[in-house]
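Bear in mind that the values in this text are calculations on the coordinates, not laboratory data. This structure is a prediction, so every number in the text was calculated from the model and none was measured. Here Cβ is always computed from backbone atoms with ideal geometry, including for glycine, and neighbour counts include all displayed protein chains.
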Amino acid sequence: MKNNHLKLKNNIFHVENINLELLANKMGTPLYVYSRAAIKDSWNRYAKAILNKNCLICYGMKANSNLAILKEFSELGSGFDIVSGGELERALAIGANPQKIVFSGVGKQEWEIIYALKSGIKCFNIESEAELHKISDIASNLHITAPISIRVNPDVDAKTHPYISTGLKENKFGISIKNALNCYKTASKLPFIDIVGIDCHIGSQLTEIPPFIDALDKLIPLIKELIKNNISIKHLDIGGGLGITYKDEVIPDPKQIIDSVILKLKESNLDHLELILEPGRSLIGNCGILLTKVIYIKHSEDRNFVIVDAAMNDLLRPALYQSYHEVKPVAPRTGNAKEYDVVGPICESADWLAKNRLLNVQENDLLIIESAGAYCTTMSSNYNSRVRPAEVIVDDCKYYIIKNRENLSDILKLETTI
Ligand code: LLP
């Protein structure tokens, strides 16, 4: 955890004041451990940046949608960016204000649109003309006006991993900047459609500000065109995407981005617009770790392996994006370290969590996989019929179980033989 909530005391790592060795003994491993203080700290970075500004943060819950975490953000004042009926169900389950929910995603289905319309969400971020017509039809049938914004694909390079880049014209997301005006014109003629905003999201794990500004530079002329065409909007949503430090990345503070965007809007006489942001990773990524135990040490001819009880089903990011997560022993040993690959028990060569790490470890040692708050538990699966881990939140010297470990009957219970 790069937020100073992971501390070495008497040679044992603690999250806040919880000793991770004792926690692992009580809860078992693999185990996701979040810090409540870290969550509050990362929220406060955004809260400070938007103080006295016409700005709404809608936490991109796909990063981590555990109910306890959603409730924490909701109580801190956050709205939510959702991408499915399931995520809407989660937001409503913790009592989120529907007027602070925006609904993104390229494949909204009929039941999800009905559910969102009936719940009274703030806005649908529309990603295609076909979706606009689907929402319009459903809204007319229900006699409920649908608030919409168009997600514009500005064709800018977010300079991130290609799998998490979304604002290039070859990506499936949004409506191209050149077709957006026409789409707005079409929308303005539909009786049960209320145009309220403009939206974009260019990618994830962005480490610099210029791509956000490049996107804005494309959006501002479009907003001016809308005004010329008597299409008025109330908000500009610049999506999420701010990165976190996994290794040594230097990440701008949210305030730098928010200030730069607001300055640009002022210069363009558009500062009456409400600014919406949809951060996911930067709110939760460095608030959590994955705790795992060494099962075996294996030396082969040209590599050493630490085989642990967590695997790609618990943390898919390295397999999918070759991503880096810091690994630390819970109780560091003195003596010589060796270079190891940290791998899981799954029958795939892609099942690795870290490569070429200098470690001094033995069987049964506990390891910390850092930066596991975002896109880890939400991307987990039951591959190899492995049960998904438990999750806890630490608050000073107490911890709360926020998800129980699955058991084998859980993973069999929806299946039958014929
Ligand atoms: N808004 C929209 C429309 C999005 O598609 C996303 C993320 C976000 C907001 C939140 O973005 P963030 O602030 O977290 O970067 N699984 C990948 C990340 C995929 C991001 C997908 N969209 C990973 O593990 O790196």
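Across the range 54-61, computed HN-Hα scalar couplings (Karplus, 6.51 cos²θ - 1.76 cosθ + 1.60, θ = phi - 60°) run 7, 9, 10, 9, 10, 4, x, 6 Hz from first to last residue, x flagging Gly and Pro. All distinct Cα pairs of the chain go into the 1/r average, and the inverse of that average, the Kirkwood radius, is 22.6 Å.
Two-decimal Rg/Rh of the range 88-199 from alpha-carbon positions, Kirkwood Rh?
On the way: Rg = 14.4 Å, Rh = 14.6 Å.
Result: Rg/Rh = 0.99.
Between Ser381 and Asp410, the modelled labels are 1.8 nm apart [label points 7 Å from Cα along Cα→Cβ].
If I take all pairs of Cα atoms in the range 1-97, what percentage of them are more than 15 Å from each other? Looking at the range 1-97, the distances longer than 15 Å represent 67 percent of pairs.
Computed 3J(HN,Hα) for the range 394-411, one whole-Hz value per residue from the Karplus formula 6.51 cos²θ - 1.76 cosθ + 1.60 where θ = phi - 60°, is 9, 10, 6, 10, 10, 9, 10, 7, 10, 7, 7, 5, 5, 10, 5, 5, 4, 7, glycine and proline marked x.
With the alpha-carbon atoms of the range 35-284 aligned to their principal axes, the span from lowest to highest coordinate is 48, 39, 36 Å, starting with the largest. Here the contact order of the range 35-284, divided by its residue count and restricted to Cα pairs under 8 Å and six or more residues apart, works out to 22 percent.
Phi angles across the range 68-79 convert, under the Karplus curve 6.51 cos²θ - 1.76 cosθ + 1.60 with θ = phi - 60°, into 3J(HN,Hα) values of 5, 6, 4, 5, 4, 5, 4, 5, 6, x, 7, x Hz, Gly and Pro given as x.
Modelled label positions at Trp111 and Thr334, each set 7 Å beyond Cα in the direction of Cβ, lie 6.1 nm from each other.
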